[in-house]
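Student: Sharing a structure below in structure tokens format, with a few things to ask.
The values are calculated or read from the model by the stated rules, or taken from the named source; none is laboratory data. Predicted model only: the values in this text are computed from it and were never measured. Here the Cβ is made from the backbone with ideal geometry for all residues, glycine too, and neighbour counts use every protein chain on show.
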Amino acid sequence: MWLGLDVGGTHTDAVIVNEGGVVSSVKVATDHHNLINSIKAAFTKLLEKNNHTNIARINLSTTLSTNAIVEGKTEKVGVIVSSGPGINPAFFSCGEQYHVIDGSIDHRGKEVKTLNAEELQRAVEACQKNGVKVFAAVSKFSTRNPSHEEHISDACTGADFITMGHRLSGNLGFPRRIATSYFNSAVWRLFNSFADAVEKNLADLHVKSPVHILKADGGTLPLSEARHLPVESILSGPAASVMGISALCNISADAVALDIGGTTTDISLYADGEPLVEPHGISLGALPTLVRSLATRSIGIGGDSAIRLSDGALRVGPERIGPSMAEGGSVPTLLDALNFAGNAHHGDTVMSKIGIEKLAQEAGITPQKLTSDAIALAVKKITDAVDSLLKEINDKPVYTIHEMLEGKVITPKALYVMGGPAHAFAPLMEKAFRLPVIVPEHYLVANAIGAALARTTFDLTLLADTERQKLIVPNIGINETCDRNYALEKAKKDARSYLMSHLKKMGIAIQEHDAQIVEESSFNMVGGFYTTGKNIRVRCQVKPAVEVHLHSGGGR
Amino acid sequence: MIQAKRKMGLIFFPAFDWAISPTHPEREERLLYTQDQLLEEGIFDIAGIVEYKPDIASEEDVKRTHFCIPDVASVTTESHMISAGGAIKAARLVMDGEAERAFALVRPPGHHSMKAVHGNRGFCNINIEAVMIEYIREHYGQKRVAIVDTDCHHGDGTQDIYWHDPNTLYISIHQDGRTLYPGSGFLDELGGPNALGKTINIPLPPMTSPEGFLYALDNAVLPILDMFKPDIIVNSAGQDNHYTDPITNMNFSAQGYAILNDRLNPHIAVLEGGYSIQGALPYVNLGIVLAMAGVDYSGVVEPDFNEGAIRQEKSVGQYIEKICSQAVENYRTYAKKPSKNKSSGERGVRQKNIYYDTDGIREKQMESVMVCNDCAGVLYIETVSSINPLSVGIEIPLGACNRCRDEGLRMLKDARQSGKFAHIKLINRRDREYLDY
Ligand SMILES: [Zn+2]
Ligand SMILES: [Zn+2]
């Protein structure tokens, strides 16, 4: 059995699932001021009904870090970067204590200029004087050579915690590395006290199962690892739903999934049945990070989207003024329109009718026209957003002639709809997309099911430069030498075994075939007119997947 | 997050699976470190810079521009069609208003490819800028286009293609042809009888430093552009003038390239040569991208940059001043009025011997153009090479007058009747016909 818990905007859902399906589920209101209370309530309610001795794993999807960052309730971080030539690093300033130190490393990982020790010392002192307890050490091209980050880290004496950029991801992207390191340190203390509380809470309930957190890429990370990588817990909400759909539906082809909630609709894509990963990392607000995520988009259309007239034009969303009138709100919403049109029968449909008729009168049109226009507008916003996501993915640049000519194009064959108004929207979507629409069973707790069944994911990049005889796997701290004859086949084997042994250390056993090579290249490096070595790059991952598929679903 | 001042499209296509040969400068590795640098700098996250996939040029796009002997498929591979397609994509972004500026950071290059093509010369098979410009003219009207070629090598292919076109100004700044391949591009190469002064060459002496390049830009290129008044400026952005380039002898810098691009302010830039793939390209390309997008590029400096080490001799500066004033004078003298040497209806004839260094092909050409006051004049090229028997290409130019069109069709009829030619190619831009016999 697996336990999944998803902290949502209004509700916290928790389920226990086994191979046969959902064993038990609970729903409690989310207390934004005290998430741990909501989690505690959900655990207690769920576990008092069930024997928990054979829960294999507990996965939490929590908004804790995201909310703290979005609301600015984070800790002061001393961000110390070395940049070298290129774009002015002042552009990437974050936090109050941002310091740029002279020193540089080039794209091959060669140290061009040593770190300025004096400047570094001054920066650390300035941070300490300002009461900074957590730091972020980031240098350009640290994924090629982490020595400057290590050097900065060593200088931060007395720190409670230091994030080194290269330990977050093997991907390039200096500005992303700065932002991600900053966030990681900024939420470190908060996340750790949360983790303490979760562990204490479970101990009180005599639960001994390992605890993981859900990541934005639809995979999990052991809580003990997440303690030093708390940034990995951001924006996991949409991933929970995507993995839920994966578990509930037997998706084998290209597909689109819509999770229609109160205020937003989350869109996600599947390629040959597998959730699509965004390779560069997710953006938090306007800031791109190195946190791997699924390719999802969110638009401001949901059951509670207010229907209003502004300058004579009809508007649906993105604002939510309150719940639908059917649920006691004061402004008619999309759900009231669906009620009026007969697509839904939710709550107090009489109130929906009153609200819609009043607005129609103000607009000087029939309520039938008002509702059909409002629904059509909402449907169009959703179809436009899906089209633009598909276009973006299918137009994604490629860098080889082979991919240019043979590249995969995603052509959805089915549409999966879940969330509160799923059934009301299903026929509308079927018409708009001209695709078969499936509303899975248990769609109301699909997010918690997704969290429950998500498996651990991991991703690493191995770089070998046989001319410099250097081999590096930055995010797991491998930095060693390789010989001049080191070759791609060996690199692939090594990448797999590094990944497997790293996971093993975290207590996770995987099959060798689960360690997938997703990118591989070997470039001849030439100096003058002779080959001087090879530049080898291998990316290996455990892709997002669910423990079991619950194929009871699929009904309308 | 950084906001670009100008919306810019970047078409990055490094063709990581294509090389002329494993150790050739034009190999898989060429743009690897450029990609690393652009990714690490976060270029693709700058708001306003959008990365696009290249188009794939069609056979017709090539046939509109070149006489390919024996045919397009024999002288190109997919890589060339994608590279040219990258340039076309850049043009479409700008012409459709989707971006204000666009940079086709693609390979392989094209500026040594001439009107008639038998194979690869100077690492080039088809002229990607010319294919792009003729695409623009086919789809967006007959624009006045200025090409400013800042590759270290003279762009003899682009010069050949636009030699007779009065609506295209070709300016090349390059290392003096007496000291570098392809050995052409002198001050007195000024264009054919219908387009005299519309080809301007600025051959710079070896060891010219940023100071010299920027002098030539400010004192020759920009004043000539002011006089020509182009609708579109295209930069053939070769990067082999860099002080670290292994196959040339110049001393230009990444910062210099960025300043040049900033002042030139081209609508479209297309990568040409540049073979210092670690020491120059990552920084030069970064500088060009930032300059085109209007983002501060002052921090773009090579790790080993040493201003003193690349400073030019005083005599170099004096020589450049002379060259530049002569180039401006040439444009003033010739570009304003039609040729007085020949009268309408006469033919201007050139004999050419062309060597394809990469493929080892020798070609002999007889080219003639109808002198015409009303259009670019019908063009006739007889060509024979070490791999292809005698063939002929006839071009009725865009906006051809009736006389030149009729003359072109008559020449086609004669050529077909003569039985002399293995391949006969017609480019009829007026009626959009591209025929092979
Ligand atoms: Zn060149
Ligand atoms: Zn004419």
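Student: Within the stretch B:1-23, how many residues turn out to be under 22 Å from residue B:358 (Cα atoms) and touching a residue at least 60 places away in the same chain (Cβ under 8 Å)? If you could, list the steps in order and put the result at the bottom.
Tutor: If we filter the stretch B:1-23 for residues that are under 22 Å from residue B:358 (Cα atoms), which is where we start, we get B:14-23.
Still in the running and touching a residue at least 60 places away in the same chain (Cβ under 8 Å): B:14-15, B:18, B:20.
The number of residues fulfilling the criteria is 4.
Student: Okay, moving on. Take the residues in the stretch B:360-416 that are in contact with a Leu (Cβ under 8 Å, 6 or more places away or on another chain) and among the polar types (S, T, N, Q); name whichever of them is nearest to residue B:193 (Cα to Cα).
Tutor: Checking each candidate, the answer is B:368.
Student: Across the stretch B:128-147, what is the total count of residues that are among the small types (Gly, Ala, Ser) and within 10 Å of residue B:161 (Cβ to Cβ)?
Tutor: Of the residues in the stretch B:128-147, the ones among the small types (Gly, Ala, Ser) are B:130, B:141, B:146.
When the remaining residues are screened for being within 10 Å of residue B:161 (Cβ to Cβ), the result is B:130.
Residues meeting the conditions: 1.
Student: Let me ask something else about it. Filter the stretch B:259-290 for residues that are assigned to a helix (DSSP H, G or I) and either within 12 Å of chain A (Cβ to nearest Cβ) or within 16 Å of ligand 1 (Cβ to nearest atom) (or both) and give the result.
Tutor: From the stretch B:259-290, those assigned to a helix (DSSP H, G or I) are B:259-264, B:281-290; that's our starting set.
Within the stretch B:259-290, B:260, B:281, B:282, B:283, B:284, B:285, B:286, B:287, B:288, B:289, B:290 qualify.
Student: Name every residue in the stretch B:60-72 that is within 16 Å of residue B:110 (Cα to Cα) and either surrounded by fewer than 16 Cβ atoms within 10 Å (Cβ to Cβ) or not polar (S, T, N, Q) (or both), in order of residue number. Spell out the reasoning first.
Tutor: Quick first cut of the stretch B:60-72, residues within 16 Å of residue B:110 (Cα to Cα) only: B:61-68, B:72.
If the condition is that a residue be within 16 Å of residue B:110 (Cα to Cα) and either surrounded by fewer than 16 Cβ atoms within 10 Å (Cβ to Cβ) or not polar (S, T, N, Q) (or both), then B:61, B:62, B:63, B:64, B:66, B:67, B:68, B:72 are the ones that fit.
Student: Please work out which residue is nearest to ligand 1 (Cβ to nearest atom), limiting yourself to the stretch B:354-385 and to residues that are modelled with pLDDT under 95 and among the polar types (S, T, N, Q).
Tutor: B:358
A quick yes/no check of all residues on (1) under 27 Å from residue B:38 (Cα atoms); (2) of a type in the set (Lys, Arg):
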position	(1), (2)
B:97	yes, no
B:108	yes, no
B:118	no, no
B:128	yes, no
B:132	yes, no
B:143	no, yes
B:151	yes, no
B:156	no, no
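Student: In the stretch B:10-27, which residue that is out of contact with any strand residue (DSSP E or B) (no Cβ under 8 Å at 6 or more places or on another chain) and among the aliphatic types (A, V, I, L, M) is farthest from the other protein chains (Cβ to nearest Cβ)?
Tutor: Per the criteria, the residue is B:20.
Student: Tell me the residue from B:172, B:83 that is within 16 Å of ligand 1 (Cβ to nearest atom), within 14 Å of chain A (Cβ to nearest Cβ) and not in a loop (DSSP other than H, G, I, E, B), please. If you could, list the steps in order and put the result at the bottom.
Tutor: Working: B:172 fails: within 14 Å of chain A (Cβ to nearest Cβ).
Selected residue: B:83, the only one of B:172, B:83 that is within 16 Å of ligand 1 (Cβ to nearest atom), within 14 Å of chain A (Cβ to nearest Cβ) and not in a loop (DSSP other than H, G, I, E, B).
Student: If you don't mind, another one. So for the stretch A:101-121 (the condition being away from chain B (no Cβ under 14 Å), touching a residue at least 12 places away in the same chain (Cβ under 8 Å), part of a strand (DSSP E or B) and farther than 27 Å from residue A:61 by Cβ), does at least one residue qualify?
Tutor: Yes.
Student: Having 2 or more residues that are of a type in the set (A, V, I, L, M, F, W, C) and touching an Asp or Glu at 6+ places or on another chain (Cβ under 8 Å) is the bar; report the helices (runs of 4 or more DSSP H) wholly within the stretch A:392-456 that clear it. Full working, then the answer.
Tutor: Values: elements: A:401-406, A:422-433, A:446-453.
Qualifying helices (runs of 4 or more DSSP H): A:401-406, A:446-453.
Student: Somewhere in the stretch B:228-237, is a residue assigned to a loop (DSSP other than H, G, I, E, B), touching a strand residue (DSSP E or B) at 6+ places or on another chain (Cβ under 8 Å) and at positive phi?
Tutor: Of the residues in the stretch B:228-237, the ones assigned to a loop (DSSP other than H, G, I, E, B) are B:229-231.
When the remaining residues are screened for being touching a strand residue (DSSP E or B) at 6+ places or on another chain (Cβ under 8 Å), the result is B:230-231.
Next, only the ones that are at positive phi stay: none.
So far as the stretch B:228-237 goes, no, none of its residues is assigned to a loop (DSSP other than H, G, I, E, B), touching a strand residue (DSSP E or B) at 6+ places or on another chain (Cβ under 8 Å) and at positive phi.
Student: Further question: With the structure loaded, tell me whether residue A:43 is within 13 Å of chain B (Cβ to nearest Cβ) and hydrophobic (A, V, I, L, M, F, W, C) or whether it fails that test. It would help to see each step written out before you state the result.
Tutor: Details: within 13 Å of chain B (Cβ to nearest Cβ): no; hydrophobic (A, V, I, L, M, F, W, C): yes.
No.
Student: I've got another one for you. Given the structure, is residue B:246 closer than 20 Å to residue B:25 by Cα and surrounded by fewer than 21 Cβ atoms within 10 Å (Cβ to Cβ)?
Tutor: Working: closer than 20 Å to residue B:25 by Cα: yes; surrounded by fewer than 21 Cβ atoms within 10 Å (Cβ to Cβ): yes.
In short, yes.
Student: Of the residues B:51, B:40, which single one is within 7 Å of chain A (Cβ to nearest Cβ) and within 22 Å of residue B:129 (Cα to Cα)? If you could, list the steps in order and put the result at the bottom.
Tutor: Working: B:40 fails: within 22 Å of residue B:129 (Cα to Cα).
Going through B:51, B:40 in turn, the sole match is B:51.
Conditions tested, residue by residue: (1) within 16 Å of ligand 2 (Cβ to nearest atom); (2) among the basic types (Lys, Arg); (3) not in a strand (DSSP E or B).
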| position | (1), (2), (3) |
| --- | --- |
| B:99 | no, no, yes |
| B:142 | yes, no, yes |
| B:146 | no, no, no |
| B:153 | no, no, yes |
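Student: Name the residues in the stretch B:291-309 that are on the phi > 0 side of the Ramachandran plot and within 12 Å of chain A (Cβ to nearest Cβ), would you?
Tutor: Those that are on the phi > 0 side of the Ramachandran plot and within 12 Å of chain A (Cβ to nearest Cβ): none in the stretch B:291-309.
Student: If you don't mind, another one. In the set B:220, B:216, B:195, which member is touching a residue at least 40 places away in the same chain (Cβ under 8 Å) and either within 16 Å of ligand 2 (Cβ to nearest atom) or within 14 Å of chain A (Cβ to nearest Cβ) (or both)? First the steps, then the outcome.
Tutor: Working: B:220 fails: either within 16 Å of ligand 2 (Cβ to nearest atom) or within 14 Å of chain A (Cβ to nearest Cβ) (or both); B:216 fails: either within 16 Å of ligand 2 (Cβ to nearest atom) or within 14 Å of chain A (Cβ to nearest Cβ) (or both).
Every option except B:195 fails the conditions.
Student: Still on this model: Determine if the stretch A:247-264 includes at least one residue that is under 30 Å from residue A:346 (Cα atoms), at pLDDT 90 or above, in a helix (DSSP H, G or I) and out of contact with any Phe, Trp or Tyr (no Cβ under 8 Å at 6 or more places or on another chain).
Tutor: Yes, some residue in the stretch A:247-264 is under 30 Å from residue A:346 (Cα atoms), at pLDDT 90 or above, in a helix (DSSP H, G or I) and out of contact with any Phe, Trp or Tyr (no Cβ under 8 Å at 6 or more places or on another chain).
Student: Just to be sure I understand, how many residues within the stretch B:180-199 are closer than 19 Å to residue B:332 by Cα and out of contact with any Ser or Thr (no Cβ under 9 Å at 6 or more places or on another chain)?
Tutor: From the stretch B:180-199, those closer than 19 Å to residue B:332 by Cα are B:185-199; that's our starting set.
Subset that is out of contact with any Ser or Thr (no Cβ under 9 Å at 6 or more places or on another chain): B:186-188.
Total meeting the criteria: 3.
Student: Same structure, new question: Only one of (1) away from ligand 2 (no atom under 16 Å from the Cβ); (2) closer than 30 Å to residue B:224 by Cβ; (3) not assigned by TED's automatic domain parsing to the domain that holds residue B:189 fails for residue B:363. Which number is that?
Tutor: (2)
Student: All but one of (1) touching a helix residue (DSSP H, G or I) at 6+ places or on another chain (Cβ under 6 Å); (2) of a type in the set (D, E, K, R); (3) within 14 Å of another protein chain (Cβ to nearest Cβ) hold for residue A:465; state the number of the condition that does not hold.
Tutor: (1)
Student: In the list B:99, B:73, B:90, B:116, which residue meets the criterion of being of a type in the set (A, V, I, L, M) and within 14 Å of another protein chain (Cβ to nearest Cβ)? Break it down stepwise before answering.
Tutor: Details: B:99 fails: within 14 Å of another protein chain (Cβ to nearest Cβ); B:73 fails: within 14 Å of another protein chain (Cβ to nearest Cβ); B:116 fails: within 14 Å of another protein chain (Cβ to nearest Cβ).
Being of a type in the set (A, V, I, L, M) and within 14 Å of another protein chain (Cβ to nearest Cβ) holds for just one of B:99, B:73, B:90, B:116, which is B:90.
Student: Just give me the residues in the stretch A:271-285 being part of a loop (DSSP other than H, G, I, E, B) and closer than 14 Å to residue A:297 by Cβ, in sequence order.
Tutor: Matches in the stretch A:271-285: A:276, A:282.
Student: I'd like the full set of residues that are part of a strand (DSSP E or B), more than 21 Å from the chain's Cα centre (by Cα) and of a type outside the set (A, V, I, L, M, F, W, C), limited to the stretch B:4-46.
Tutor: Hits for the stretch B:4-46 are B:5, B:6, B:7.
Student: Tally up the residues in the stretch A:164-193 that are touching a helix residue (DSSP H, G or I) at 6+ places or on another chain (Cβ under 7 Å) and without any contact (Cβ under 8 Å) to a residue 40 or more places away in the chain, please.
Tutor: 3
Student: Tell me which of these residue A:406 doesn't satisfy, since it passes every other one: (1) more than 10 Å from every other protein chain (Cβ to nearest Cβ); (2) under 23 Å from the mean Cα position of the chain (by Cα); (3) not hydrophobic (A, V, I, L, M, F, W, C).
Tutor: (2)
Student: Mind listing whichever residues of the stretch B:385-423 are under 26 Å from the mean Cα position of the chain (by Cα) and among the hydrophobic types (A, V, I, L, M, F, W, C)?
Tutor: If the condition is that a residue be under 26 Å from the mean Cα position of the chain (by Cα) and among the hydrophobic types (A, V, I, L, M, F, W, C), then B:387, B:392, B:394, B:396, B:398, B:400 are the ones that fit.
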